[in-house]
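Bear in mind these aren't lab numbers, they're just calculated from the coordinates by the rules spelled out. Keep in mind the model is a prediction, meaning the values are calculated, not measured. Cβ coordinates were reconstructed from backbone atoms using ideal geometry, including for glycine residues, and neighbour counts include every protein chain displayed.
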Amino acid sequence: MDVAALPLPGTQVTHPELLLASAVVLAATAIFWVATGRRRADDPSAGRGDRRRFRRGPYVTVNVDPIRCARFGYCEHEAPDVFQIRREGRLTYEDRVPVDEIEPVIRAVEVCPARAIVLGKIPGGE
């Protein structure tokens, strides 16, 4: 393929094959994130349906600032059930943790060198 035939960044691509391929990749990515029920650090709206939502009792919210997070992995070491760094370097995490399982997450907050992890309460929770 000739380099001159490639579209410039910011231009609209009109090739049906490229549009179809882009749509397939986007759909596969969306299905993956919904199916895993985990949340990416750089996408605060993803992964709301995790396996913990059916448990009873009070929860604590977990949020990671994607700008501050340097993905050192200390959080994954302290709380592997909550934090996980994927092979491609993305951090995923559970956005809600039951209060009775919060100790490892508190340790992760304390050891995070970037201070990127923030804990909070669910509004209207117990």
With θ taken as phi - 60° and the coefficients 6.51, -1.76 and 1.60, list the Karplus ³J(HN,Hα) couplings across the stretch 109-120 in order, rounded to whole Hz; mark glycine and proline as x. 4, 5, 8, 5, x, 8, 6, 9, 9, 10, 9, x
Cα-projected label distance for V99 with R86, points at 7 Å along beta-carbon direction, nm: 3.3
